[in-house]
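Worksheet for the structure shown next.
The values are calculated or read from the model by the stated rules, or taken from the named source; none is laboratory data. The model shown is predicted, which means the values in this text are computed figures rather than measured ones. Here the Cβ positions follow ideal geometry from the backbone for every residue, glycine too, while neighbour counts run over all protein chains shown. Ligands, DNA and RNA are excluded from the accessible area calculation, which covers all protein heavy atoms including side chains. Shrake-Rupley method; radii C 1.70, N 1.55, O 1.52, S 1.80 Å.
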Amino acid sequence: PSPGTLCRTKPTDLVFVIDSSRSVRPHEFEKIKVFVSRVIEALDVGPNATRVGVVNYASAVRSEFSLQSHQSKAALLQAVRRIQPLSTGTMTGLAIQFAISHAFSAAEGGRGSAPNFKKVAIVVTDGRPQDGVQDVSARARAAGIEIFAIGVGRVDMGTLRQMASEPLDEHVDYVESYSVIEKLTHKFQEAFCVVSDLCATGDHDCEQVCVSTPGAYRCACRDGFSLNSDGRTCTACSGGLGSALDLVFLIDGSKSVRPENFELVKKFINQIVDSLEVSDKQAQVGLVQYSSSVRQEFPLGQFKSKKDIKAAVKKMSYMEKGTMTGQALKYLVDSSFSAINGARPGVPKVGIVFTDGRSQDYISDAAKKAKDSGFRMFAVGVGNAVEDELREIASEPVAEHYFYTADFRTISKIGKKLQMKICVEEDPCECKSIVKFQTKVEDLINSLQQ
């Protein structure tokens, strides 16, 4: 995030341990202070959020200010500006020991070992320590302090590696000179950003809805709108949610289906009806049952609401005779999708054919004619349905348009897959309601399986 963005940082006790030995020139020391200030600017500072302390060292160690000295960002930045270099030797080990025993102590404002508080030390040095750092750094890490080691110029890389926490490649940084230390600012701003909720801070340009992701965000739209290709603005969907669609179910009512299974088939139909937006401008649904003969239960557009369609499906009685799938397909092409029967010109036509057995008549011609007429044909088979017949009925790509299950009880799983498929993908408005319904169903199923 840019320095202006607020990071929701995990409550952190952060101590900078900065080298101001002789080799660090005064103008270079100013650069260290700028770096420290930039990191502070990006933090969520406050007594219950992130606290910051600074330890300055050379031959001796000086606490410039403790974790509890300054409660606000402004006060911290002012205190950093006042720090002066010590300009003597380089006792890095001593400085780390001071951090453990003093800077992170409760007396100095450290917040102990509560699991949700991080303890972080950022050590900046340009020299070779005149004392040992390996053991004292190991003690610091064992005490739960995460150490970042930043080396500048002629620093000894071995020393940095002895100090830093694992994984080393994330905790050791090297810059050629103090003039480029600011390059690291961004890395540390990110490192402390556990979740930067850019939506909450208003740092986004979404027209309608902002969805937060760690360190980033994406835009979304309210119901009835779709996101434009700029990923930012929204356009109203014509006719509200859902698409114009003429959908006809062709249902096998032959005697092999059995009454209890026929009830499951009705549930399956209503499951799909549920995911549609029904109205004159949007989806219309028709229903045809067949066995030895063909019976139109209701034509497209007879029922204007989801509720009425579902009631009519529930009322459908069961024919219980043979299986004339070919005759039924011919009826679908010649009658169901004709204007006389309520089909609307220029609106996508979708047929869902449901069967549980081999057809007693010839289906190839009618199946081909349905597809040649531009209808999207889905074939759903259960039990003894014949896969070759299903494939013959199904539109291209065939694998996406035919479904088979051995058992009526798993038919609702097919219903779920179908809801996504019926949705005509070109227009985001059309698919949105279905996809929303999908996720609801999936959440429900997942919660039941918990």
Report the extension gain between Ser101 and Lys183 in nm, rounded to one decimal, defined as 0.36 nm multiplied by the number of residues separating them, less their alpha carbon distance. 26.4 nm
Return the long-range amide H neighbours of Tyr404 (sequence gap of 5 or more, or a different chain), with a cut-off of under 5 Å between placed amide H atoms. Gly381
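Give me the percent of the accessible area of segment 106-183 that comes from carbon and sulfur atoms, probe 1.4 Å, all protein chains in place.
So the carbon and sulfur contribution to the accessible surface is 48 percent.
In whole percent, what relative contact order does segment 12-192 give with Cα contacts below 8 Å and a gap of six or more residues?
Here the relative contact order equals 25 percent.
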I need the fraction of alpha carbon pairs in segment 12-192 separated by more than 22 Å, rounded to a whole percent. 37 percent
Rounded to whole Å, √(5λ) for the Cα gyration tensor eigenvalues of segment 245-424, largest first, gives 21, 18, 16
Taking segment 11-61, which trypsin sites (Lys or Arg not before Pro) meet the DSSP loop condition and have no more than 16 other C-beta atoms within 10 Å? Arg22
Contact order normalised by residue count of segment 245-424, Cα under 8 Å, 6+ apart, percent: 24 percent
Measuring with a 1.4 Å probe in the full set of protein chains, what accessible area per residue, in whole Å², belongs to segment 245-424? 43 Å²
Can you grab the distance from the C-alpha centre of segment 55-106 to the C-alpha centre of segment 287-352, Å, no decimals? 81 Å
Protein-only accessible surface order, largest first, of Ser335, Ser165 at 1.4 Å: Ser335, Ser165
Of all DSSP beta bridges having both residues in segment 1-147, the percent classed as antiparallel (nearest 5) is 20 percent
Could you work out how much longer the chain between Leu168 and Ala311 gets when fully extended? Use 0.36 nm per residue separation minus the Cα distance between them, nm to one decimal. 44.8 nm
Equivalent ellipsoid semi-axes, segment 287-373, via Cα gyration tensor eigenvalues times 5, rooted, Å: 22, 19, 9
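How would you classify segment 106-180 from its alpha-carbon gyration tensor, with a ≥ b ≥ c the square roots of the eigenvalues: rounded for a/c under 1.5, else prolate if a/b is greater than b/c, otherwise oblate?
Verdict is prolate for segment 106-180.
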